[in-house]
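Before any comments, here is the structure.
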Amino acid sequence: MQWETVIGLEVHVQLATRSKIFSGASTAFGAEPNTQACAVDLGLPGALPVLNEQAVAMAVQFGLAVHANIAEVSVFDRKNYFYPDLPKGYQTSQMHHPIVGPGDIEITLEDGSTKCIRIHHAHLEEDAGKSLHEDFHGMTGIDLNRAGTPLLEIVSEPDMRSAKEAAAYLKAIHSIVTYLGISDGNMAEGSMRCDVNVSVRPTGQEAFGTRAEIKNVNSFRFVERAIAFEVERQIELIEDGGSVIQETRLFDPDRDETRSMRTKEEANDYRYFPCPDLLPVVLDQAYLDHLRSQLPELPADKRERFQNELGLSAYDANVISASRDMAEFFEAVHNECGDAKQSANWVQGELSGALNRENLSIANSPISARQLGELISRVLDDTINGKAAKEVFQALWNGQGESADDIIDAKGLKQVTDTGAIEAMIDQVIADSPAQVAQYRDSEPEKRGKMIGYFVGQVMKASRGTANPQQVNGLLKEKLDALL
Amino acid sequence: MALEESHVRRAAHLARLAVSDDQASGFVEDLSRILDMVDQLQSLDTEGVKPLAHPLDATQRLRADEVTESNQRDTFQRCAPAVENGLYLVPRVVE
């Protein structure tokens with residue numbers, strides 16, 4: 001039987017506010033335990049929450065970026081459960097009237113095709129603290145610094161049909177929140193966490209199968225692997241005559257499998273009700289218009305512009321627009337040299353390669369966009385050839401000069417395009433290589449093309465790499481063929 | 001709605017309240033009376049009435065995103081039964 005996979009994602013994005021969603025405690029990462037947990041975060045009696053304006057603004061900006069309806073009135077509810085990292089005994093969240101209503105996100109797949117994934121809603125809530133399960137004399141340690149950190153939970157419709165689509169969706173969310181600057185998007189530090197709902201159904205069937213929810217999948221790669229495992233598990237189960245039960249499962253990246261955490265019968269009954277400590281949040285049109293006017297150009301718009309106006313391929317446009325830092329770097333390089341295709345090649349090729357090798361982000365690139373743009377300009381105006389350009393790049397990377405021109409001068413890399421000078425070098429190489437010349441003359445005409453490489457290499461060496469390779473090729477062929 | 005003791009037990013469990021057998025039967029009666037009142041409310045025609053999120057006719061004030069709290073860990077931890085290395089210690093939780 002043919003099976004179809006159905007996936008929905010709940011993505012928790014930590015919002016990059018300075019203070020917490022309901023208190024004035026700091027949200028800075030990495031502080032000493034409990035030094036950033038105030039009376040409100042600890043749920044001390046009498047402490048009252050006051051909503052952070054910036055958290056609201058960030059949620060609205062996300063909503064606008066995914067073409068969603070922003071609720072004129074949204075309401076905070078209490079989600080009740082007991083766990084020591086949640087000292088109040090409830091999480092303040094939004095169940096019935098979330099701030100961001102239905103919207104959609106366009107995802108781009110590896111083959112360059114696009115698909116629209118619907119957003120069911122997105123709501124504001126507070127994060128819980130952290131439990132440290134190392135042994136403290138048989139007890140558990142609790143750090144509440146994270147308690148009260150604002151989260152935006154983005155809930156998709158079950159619109160994804162493969163692990164690849166789910167990963168692409170997660171990347172699209174990551175791209176949007178980092179473009180907006182509403183989250184640092186750092187998955188390793190938990191700034192983006194994801195619950196995955198997976199089910200399978202026979203191809204062609206309309207009704208959804210029973211789904212399992214995989215909790216806390218924290219990287220793009222794990223999302224794909226967790227789904228791949230879970231789909232296989234469910235199909236095998238059904239084909240062996242069993243049935244999937246609705247349950248929560250945990251992904252174990254070390255074993256590459258998902259394990260049952262709790263079934264629906266034991267599922268929590270959260271008893272949501274409106275939080276009496278918080279009033280309804282009312283947003284007026286002027287406020288929304290103001291936030292809309294502050295929106296940056298978003299990844300999808302950039303991608304389209306790179307493709308349509310700058311002539312980049314769908315693939316290049318997608319890769320470069322995925323990160324705002326990379327997109328802006330690329331645009332600065334392009335402004336300097338005027339050649340979009342070359343700019344894209346250098347940013348994705350030489351520059352990305354060097355950054356990856358040294359584990360640097362593009363924001364910390366030792367080569368500035370202006371320097372790279374100038375370097376490309378020198379290739380475009382034939383001042384240097386491609387080989388010399390790589391040498392200049394390396395020298396700029398190592399800080400051996402301020403500009404491409406400085407390095408070209410200092411290293412004498414200026415391309416030799418003077419025909420007379422090149423001919424002189426060719427004559428010298430031919431004179432110095434009687435054996436190779438004889439071989440060339442005696443070989444089959446169709447093999448000569450390959451043999452010419454030796455002479456090109458020698459001439460380039462004699463010019464210390466500065467001869468124009470196209471000219472060398474042409475002139476060499478003429479001169480060698482004249483000897484036949 | 002007829003309330004049974006099992007409902008009371010479940011509600012008590014969810015709220016982590018210890019309820020003795022005697023108390024449980026008393027709660028069945030008390031809560032049933034409350035539910036009877038709810039039934040009475042249910043009989044009203046609320047067509048076209050917006051659900052009420054809060055009894056006050058006011059909207060949420062927002063605060064500027066500024067850090068206004070300083071570290072008061074030592075003060076807060078004075079009332080905690082067990083602390084170590086700045087952490088609050090609780091009976092082991094394993095899910």
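Only the coordinates and a few stated rules stand behind these numbers; no lab work does. This one's a predicted model, so the numbers in the text were calculated from it and none came from an experiment. Note that each Cβ is placed from the backbone with ideal geometry, even for glycine, and that neighbours are counted across all protein chains shown.
What do the square roots of 5 times the Cα gyration tensor eigenvalues come to for region A:314-451, in whole Å, largest first, as semi-axes of the equivalent ellipsoid?
37, 19, 14
Output ³J(HN,Hα) for region B:33-39: one whole-Hz value per residue in order, computed from phi by the Karplus curve 6.51 cos²θ - 1.76 cosθ + 1.60 with θ = phi - 60°, and x for Gly and Pro.
With coefficients 6.51, -1.76 and 1.60, one gets 5, 5, 5, 4, 5, 4, 4 Hz.
Can you bin region A:157-246 into rounded, prolate or oblate? Criterion: square roots of the alpha carbon gyration tensor eigenvalues sorted a ≥ b ≥ c, rounded for a/c under 1.5, prolate for a/b above b/c, oblate for the rest.
Judged from the Cα gyration tensor, region A:157-246 comes out prolate (a/c at least 1.5, a/b above b/c).
Mind running the shape call on region A:419-482? Use the C-alpha gyration tensor, a ≥ b ≥ c as the square roots of the eigenvalues: rounded below 1.5 for a/c, prolate if a/b tops b/c, oblate otherwise.
It is prolate, given that a/c is not under 1.5 and a/b is the larger ratio.
Once both labels are modelled 7 Å past Cα along the beta-carbon direction, what's the A:SER433-A:SER293 spacing in nm?
6.8 nm
Counting only other chains, what is the mean number of Cβ atoms within 10 angstrom of the Cβ of each residue in peptide A:49-55?
Mean number of neighbouring Cβ atoms from other chains: 4.
Please list 3J(HN,Hα) in residue order for region A:34-47, calculated via the Karplus relation 6.51 cos²θ - 1.76 cosθ + 1.60 where θ = phi - 60°; whole Hz, with x for glycine and proline.
For region A:34-47, the Karplus-derived couplings read 6, 7, 10, 10, 9, 4, 5, 5, 7, x, 5, x, x, 6 Hz, x marking Gly and Pro.
What value, in deg cm²/dmol to 500, does the helix sum -39500 (n - 2.57) over DSSP H runs of n ≥ 4 give at 222 nm once divided by the residues of chain A?
Calculated mean residue ellipticity at 222 nm is -12500 deg cm²/dmol.
Can you give the mean number of other chain Cβ atoms that lie within 10 Å of the Cβ atoms in peptide A:223-230?
If you average over the peptide's residues, the count of other-chain Cβ atoms is 0.
As an exercise, use a Förster radius of 41 Å and the Cβ-Cβ distance of B:ALA12 and B:ARG78 to find the FRET efficiency, rounded to the nearest 0.05.
0.80
How would chain B be classified by its alpha-carbon gyration tensor: rounded, prolate or oblate, with rounded meaning a/c under 1.5 and the a/b versus b/c comparison settling the rest?
Oblate shape, in that a/c is at least 1.5 and b/c is the bigger or equal ratio.
Using a Förster radius of 35 Å, what is the FRET efficiency between B:THR68 and A:ASN186 based on their Cβ-Cβ separation? Nearest 0.05, please.
Given R0 = 35 Å and the Cβ-Cβ separation, E is 0.85.
Shielding of B:55-63 by partners, i.e. mean partner chain Cβ atoms within 10 Å per residue?
Average per residue, whole number: 6.
Would you pull out the residues with amide H under 5 Å of A:VAL66's amide H, same chain only if 5 or more places away, H placed 1.01 Å from N?
Amide H to amide H, under 5 Å and 5 or more residues apart or across chains, A:VAL66 pairs with nothing.
Going by amide H atoms built from the backbone, whose H comes under 5 Å of the H on A:VAL416, apart from near neighbours?
A:ALA467, A:ASN468
Using a 7 Å offset from the Cα along the Cα-to-Cβ direction at both B:ALA24 and A:GLU239, what is the distance between the two label points in nm, to one decimal?
4.8 nm
Using only Cα atoms, figure out Rg for chain A and give it as a multiple of 2.2 N^0.38 Å.
In units of the 2.2 N^0.38 Å rule of thumb, it is 1.30.
In the neighborhood of B:PHE27, defined by Cβ-to-Cβ distances under 14 Å, what is the net charge if each Lys or Arg adds +1 and each Asp or Glu adds -1?
After counting each charged neighbour, the total is -3.
Does anyone have the angle between helix B:5-14 and the longest principal axis of chain B? Alpha-carbon axes, 0 to 90°, nearest 10?
20 degrees
Between A:GLU358 and A:GLU423, what FRET efficiency comes out of the Förster formula 1/(1 + (r/R0)^6) with R0 = 45 Å and r the beta carbon distance, rounded to 0.05?
0.60
If the limit is 21 Å between Cα atoms, which of A:LYS341/A:LYS411; A:LYS387/A:LYS461; A:LYS130/A:LYS171 go over it?
Pairs exceeding 21 Å: A:LYS341/A:LYS411; A:LYS130/A:LYS171.
How far is helix A:386-397 tilted off the main Cα axis of chain A, in degrees rounded to 10, range 0 to 90?
It works out to around 50 degrees.
Taking amide H positions as placed in the peptide plane 1.01 Å from N, state which residues far from A:TRP3 in sequence (5 or more) or on other chains have amide H under 5 Å from it.
A:THR203
Against the longest principal axis of chain A, how steep is helix A:220-239, in degrees 0 to 90 to the nearest 10, with axes from Cα atoms?
Roughly 60 degrees, rounded to the nearest 10.
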